[in-house]
Amino acid sequence: MKTEKPFYFLIFCCLILFYCCSSETNKNDDSEIDVPEQSEQEKAVSTDAGKVLKDWNAYLNKHDVDGLSKLFAPTVEYYGRPYSREQMIQEKMKALASAPEFEQTISNIEKLDLPGDDIEFSFVKSHRVKKDADFTKTEGLIALRKVNDKWFIIKESDAESERKSAASAPRENIPRKRIQGDFNGDGQQEWLVEVLTDVNGKLITDTRAMDMEPLIEKWGQTTKDGKFKCSLQDESGNLPALTDVEGFGTVHLFNEGDLTGNGADEISFMNAYLDWSGMNSLEVYTLKAGKWKHLGSASVREQFDREDLEAAVQKGKKPGVILLRNFDKEVMEGTSEQVFDEVKVD
């Protein structure tokens, strides 16, 4: 018996030592603790943009069109066609009214970062219009844009609509041009977007459907002749629309920065006139006291690209003055130097 005690005592000591070492390792090496990772779907919907996606689905199931309207931007690409928010909500109301038992779920959510910080969610939506009907599965798509730290839906579509849209390939869709800036000096960023409508306010979705020849009948024919209208609109809806965009929309659209020292960004755009002259104009505007004010204009050639116009408007050396490039004078004088005119602003 005496010979067995040291053996058992040795085993006991080894167990104590193993336990102590194991405990110390666990204390000092937390990195080895297995923590379940979030799935890609959980990561996608845990963001602020993902919450908008979940709210969109929830409002649809509740048939809450008022809630839905708060999620969408003023202009929306809705299943391959551009709509105003109001037009899109009317379509939603009609669809939900015709299917009072409509319900849907979304799954397999994936997030894609788009150019310009926009976000796109793709997912599988299972929906049915009757409680006793089978669910139909389709591939859904929602795109969002951030305006003043808040996400808005700018596109709702599905795989079939995307295929049809790609196949039809319209030459021009709206909204086309858009710029970001602080245009009213409140310290917040706004998005100005170009919108084309007919005289009744209906969005023009495909310019190929328009007969251009009757519109281009005389020098300088513009939207004031009543055929259609172009405007620059704030996507957040906080700024007034700039409705003095003559011609068939803008060729180039610029944020010129704060030229006047009023704390707000000025804008310029090159008109696309409806004539065969090859001449357009560069117009400069500022937002003052809640209204867009015209600061000046310059005659430009139709073939000018963005590089030709990027420095055409500059801040003057004296207060209350901006510099506007005089392209016509450069041509008449045959000079290679840039010529600027001083334009006084209030």
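Here, each number is a calculation from the coordinates, and none is a lab measurement. The structure presented is a predicted model; accordingly, all values stated were derived computationally and were not measured. Here the Cβ positions follow ideal geometry from the backbone for every residue, glycine too, while neighbour counts run over all protein chains shown.
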Next on the checklist: Among TYR285, SER299, GLY263, which residue has its Cα furthest toward the positive end of the charge dipole of region 258-320, with +1 on Lys/Arg Cβ and -1 on Asp/Glu Cβ?
Outcome noted: GLY263
Checklist entry - Say R0 is 22 Å: what FRET efficiency, to the nearest 0.05, do GLN90 and VAL129 get from their beta-carbon distance? => result 0.70
Checklist entry - When the Kirkwood hydrodynamic radius is evaluated over all pairs of different C-alpha atoms of region 263-320, what value in angstrom, to one decimal, is obtained? => result 12.8
Item to check | Pairwise label distance in nanometres, ALA289 with ALA58, each label 7 Å out on the Cα-Cβ vector | outcome: 4.5
Next on the checklist: Going by amide H atoms built from the backbone, whose H comes under 5 Å of the H on LYS288, apart from near neighbours?
Outcome noted: LYS293
Checklist entry - Considering every Cα-Cα pair within region 45-168, what fraction, in whole percent, is farther apart than 19 Å? => result 47
Checklist outcome for this item: Net charge (Lys, Arg +1; Asp, Glu -1) of residues whose beta-carbon lies under 14 Å from that of HIS294, HIS294 excluded, is -2
Next on the checklist: Sort MET270, MET279 by Cβ crowding within 10 Å, fewest neighbours at the top.
Outcome noted: MET279, MET270
Next on the checklist: Whole-Hz ³J(HN,Hα) for each residue in region 107-113, computed from phi via Karplus 6.51 cos²θ - 1.76 cosθ + 1.60 with θ = phi - 60°, x for glycine and proline: what do you get?
Outcome noted: 8, 6, 6, 10, 10, 10, 7
Checklist entry - What's the extension gain from SER281 to LYS318 if we count 0.36 nm per residue and subtract their Cα-Cα distance? => result 10.8 nm
Checklist entry - VAL331 to ALA159: FRET efficiency via 1/(1 + (r/R0)^6), r the Cβ-Cβ distance, R0 51 Å, to the nearest 0.05? => result 0.45
Checklist entry - Between LYS344 and GLU103, how many nm apart are label points set 7 Å from Cα along the C-beta direction? => result 7.1
